[in-house]
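Here the structure comes first, spelled out in structure tokens, and everything after it is commentary.
The values are calculated or read from the model by the stated rules, or taken from the named source; none is laboratory data. Keep in mind it's a predicted model, so treat the numbers as computed, not measured. With ideal geometry, Cβ positions are generated from the backbone for all residues, glycine too; neighbour counts draw on all protein chains shown. The area values use the complete protein model at the heavy-atom level, side chains included, leaving out ligands, DNA and RNA. Shrake-Rupley method; radii C 1.70, N 1.55, O 1.52, S 1.80 Å.
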Amino acid sequence: QVQLVESGGGLVQAGGSLRLSCVVSGHTSALYAMAWFRQVPGKEREVVSAISQAGGTTYYADSVKGRFTISRDNSKNTGYLQMSSLEPEDTAVYYCAADRRFGVVTTQDEYDYWGQGTQVTVSS
């Protein structure tokens, strides 16, 4: 049974930074493509960033390009999302997702495993 646990969310002022972590347990994370999604109440969940198994290929939504960096450390079964220059519009619940697919996967329906979510709140 694969489980994902996120951490690192919180309250930060605009312009600040946070780093989210996603620990994968139950199986080696190296077998899984990973991604970060976010959701605001009343809106659909949207992809923020995604990364391939070995970390060589990444994807970023236009809204976060140049501000967010996705990475992973397969020796620690952990994925990361470094968020900088945060804006109030980044306020959302952030979810980590993983699936045994090759390459970068950006569609939420293709992910079988999800974390519980972590709240990120950016104040103006």
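Tabulated values for the structure
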| quantity | calculated |
| --- | --- |
| Scan of segment 85-124 for residues that are in a loop (DSSP other than H, G, I, E, B), touching an Asp or Glu at 6+ places or on another chain (Cβ under 7 Å) and aliphatic (A, V, I, L, M), ordered by number | V105 |
| Test: residue in segment 21-30 that is over 16 Å from Y111 (Cβ atoms) and within 15 Å of the chain's Cα centre (by Cα) | yes |
| Qualifying residue in segment 26-44 (condition: in a loop (DSSP other than H, G, I, E, B), open to solvent by less than 40 Å² (accessible area, probe 1.4 Å) and at pLDDT 95 or above) | no |
| Residues that are open to solvent by 50 Å² or more (accessible area, probe 1.4 Å) and not hydrophobic (A, V, I, L, M, F, W, C), drawn from segment 89-107 | E89, R100, R101, T106, T107 |
| Of all residues in segment 109-124 being under 21 Å from Y59 (Cα atoms) and among the hydroxyl-bearing types (S, T, Y), the one that is modelled with the highest pLDDT | T118 |
| Pair list, Cβ < 6 Å and 6+ apart or interchain, from segment 108-120 residues that are surrounded by fewer than 18 Cβ atoms within 10 Å (Cβ to Cβ) to residues that are part of a loop (DSSP other than H, G, I, E, B) | Q108/R45; Q119/G9 |
| Restricting segment 85-108 to residues that are at pLDDT below 95 and charged (D, E, K, R), the residue that is farthest from Q3 (Cα to Cα) | R101 |
| Among (1) in contact (Cβ under 8 Å) with a residue 24 or more places away in the chain; (2) under 20 Å from G8 (Cα atoms), the one test that R101 misses | (2) |
| Test: residue in segment 72-82 that is within 14 Å of R45 (Cα to Cα) and either touching a Lys or Arg at 6+ places or on another chain (Cβ under 6 Å) or open to solvent by less than 70 Å² (accessible area, probe 1.4 Å) (or both) | no |
| Cβ pairs under 6 Å, 6+ apart, first in segment 24-40 and within 25 Å of T121 (Cβ to Cβ), second in a loop (DSSP other than H, G, I, E, B) and open to solvent by 10 Å² or more (accessible area, probe 1.4 Å) | F37/R45; Q39/R45 |
